[in-house]
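The values are calculated or read from the model by the stated rules, or taken from the named source; none is laboratory data. Bear in mind the structure is a predicted one, so any value in this text is a computation, not a measurement. Cβ placement follows ideal geometry from the backbone for every residue including glycine, while neighbour counts extend to all protein chains displayed. Quick note on the areas: whole protein, heavy atoms, side chains included, nothing else; ligands and nucleic acids left out. Shrake-Rupley method; radii C 1.70, N 1.55, O 1.52, S 1.80 Å.
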Amino acid sequence: MNIFKNPSDFLKYFGVTCPDDIRLERLAAGCDTTIIYKHLTGCEACIIGGKEKATIFVSNNIHKNRQRFCVAHELGHWMLDRGTPLFSCKAEDIGAHHTFQKGVEARANRYAADLLMPEFLFKPASDGLEMSFNTVRVLHGQFNTSLMATAIRLTQLGSYPALFAWYDTKTGRRLGFIRWPDLPLCLWPHENLHHETYAMEVLCGKYIDSGEPKRVSADFWFNTRNAQDYDIYEHSIKGFGDLVLTMIWWKDESMLDGLS
């Protein structure tokens, strides 16, 4: 049977040349895996496999884009963790925002992100586009992925310096963030939302979406020296569940001068 430890090899072997070609049932069948959607208790997805064949079970009570990530996650287990007869994956195990952790579940999440949004397709699709949720929505429609997973991927592979952060709507505290790869490491967003950010207005219910990237003072987001003398662009929206999602970006790298 076919084993593809590199998701790009997996996709290219099956002739994937555009996002619409990433048909997971076809890819799964190509590596002797069956997908079954059913009611599950205690997990969102699981995989049961032997030496040559496997069955992936996915909850039929979750959004279609979430189902796709679950399938890709379990395919990651099948490719990377062969020999383990059963993986039962809870909701907190699966998600692009867990790709930066350690362990087998994080590794399967990275595999899923690379399978659903491969660099060889995602970079051309995002080339030159603004780092905002307007772009995220376009790409999430093309790749059939969640806003959260797509925003993470855009931050990683997009054309401009950016930072994506997510905050708890109940407390205003930062839950996580990721940077554009070459963004200075000193740029950490505040642990608690500043009262003058658009994100705080989303948290308070004034907006569901701040509409577009809007110029704000960098000290609303960062503690670096002279931050009050520089501007950034912020776009914040209400995310799924108890999350406020924020994209922060710089239209050119010269806007980073002095912040680092």
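Which of the residues belonging to region 180-201 are of a type outside the set (A, V, I, L, M), buried (at least 19 other Cβ atoms within 10 Å of the Cβ) and either over 26 Å from LYS123 (Cα atoms) or out of contact with any Ser or Thr (no Cβ under 7 Å at 6 or more places or on another chain) (or both)? Give the steps one after another, and end with the answer.
Restricting attention to region 180-201, the residues satisfying the condition of being of a type outside the set (A, V, I, L, M) are 180-182, 184, 186, 188-192, 194-198, 201.
After this cut, where a residue has to be buried (at least 19 other Cβ atoms within 10 Å of the Cβ) as well, the list is 180, 189, 197-198.
If the condition is that a residue be of a type outside the set (A, V, I, L, M), buried (at least 19 other Cβ atoms within 10 Å of the Cβ) and either over 26 Å from LYS123 (Cα atoms) or out of contact with any Ser or Thr (no Cβ under 7 Å at 6 or more places or on another chain) (or both), then PRO189, THR197, TYR198 are the ones that fit.
PHE240 passes all but one of (1) of a type outside the set (Val, Ile, Thr); (2) surrounded by fewer than 19 Cβ atoms within 10 Å (Cβ to Cβ); (3) over 21 Å from the mean Cα position of the chain (by Cα); which number fails?
So PHE240 meets the others, but not (3).
Among the numbered criteria (1) closer than 15 Å to ILE237 by Cα; (2) buried (at least 16 other Cβ atoms within 10 Å of the Cβ); (3) free of Cβ contacts under 8 Å to residues at least 60 places away in the same chain, which single criterion is violated by CYS204?
Failed condition: (2).
I need the full set of residues from region 19-53 which are over 15 Å from MET79 (Cβ atoms) and open to solvent by 50 Å² or more (accessible area, probe 1.4 Å), in order please.
ASP20, ARG23, GLU25, ARG26, THR34, ILE36, TYR37, LYS38, HIS39, THR41, GLY42, ILE48
Could you check how many residues of region 62-79 are out of contact with any Leu (no Cβ under 8 Å at 6 or more places or on another chain) and either open to solvent by less than 30 Å² (accessible area, probe 1.4 Å) or free of Cβ contacts under 8 Å to residues at least 40 places away in the same chain (or both)?
The initial filter retains those residues of region 62-79 that are out of contact with any Leu (no Cβ under 8 Å at 6 or more places or on another chain), namely 62-67, 70, 73-74, 77-79.
Within this subset, residues satisfying the condition of being either open to solvent by less than 30 Å² (accessible area, probe 1.4 Å) or free of Cβ contacts under 8 Å to residues at least 40 places away in the same chain (or both) are 62, 65, 67, 70, 73-74, 77-79.
Total satisfying the criteria: 9.
Mind listing whichever residues of region 114-127 are open to solvent by less than 10 Å² (accessible area, probe 1.4 Å), part of a helix (DSSP H, G or I) and among the hydrophobic types (A, V, I, L, M, F, W, C)?
Residues of region 114-127 open to solvent by less than 10 Å² (accessible area, probe 1.4 Å): 115-118, 122, 126.
Next, from what is left, pick out any that are part of a helix (DSSP H, G or I): 115-116, 122, 126.
Those that are open to solvent by less than 10 Å² (accessible area, probe 1.4 Å), part of a helix (DSSP H, G or I) and among the hydrophobic types (A, V, I, L, M, F, W, C): LEU115, LEU116, PHE122.
Could you grab me the full set of residues in region 128-152 that are open to solvent by 30 Å² or more (accessible area, probe 1.4 Å) and either without any contact (Cβ under 8 Å) to a residue 40 or more places away in the chain or among the polar types (S, T, N, Q) (or both)?
GLY128, LEU129, ASN134, ARG137, VAL138, GLY141, GLN142, ASN144, SER146
I want to confirm something. Restricting to region 153-173 and keeping residues that are under 27 Å from SER254 (Cβ atoms) and not in a helix (DSSP H, G or I), which single residue is most open to solvent (accessible area, probe 1.4 Å)?
At the first step, the residues of region 153-173 found to be under 27 Å from SER254 (Cβ atoms) are 153-165.
Next, only the ones that are not in a helix (DSSP H, G or I) stay: 158-165.
Details: GLY158: 10, SER159: 46, TYR160: 65, PRO161: 3, ALA162: 0, LEU163: 0, PHE164: 0, ALA165: 0 Å².
If we take residues in region 153-173 being under 27 Å from SER254 (Cβ atoms) and not in a helix (DSSP H, G or I), then TYR160 is most open to solvent (accessible area, probe 1.4 Å).
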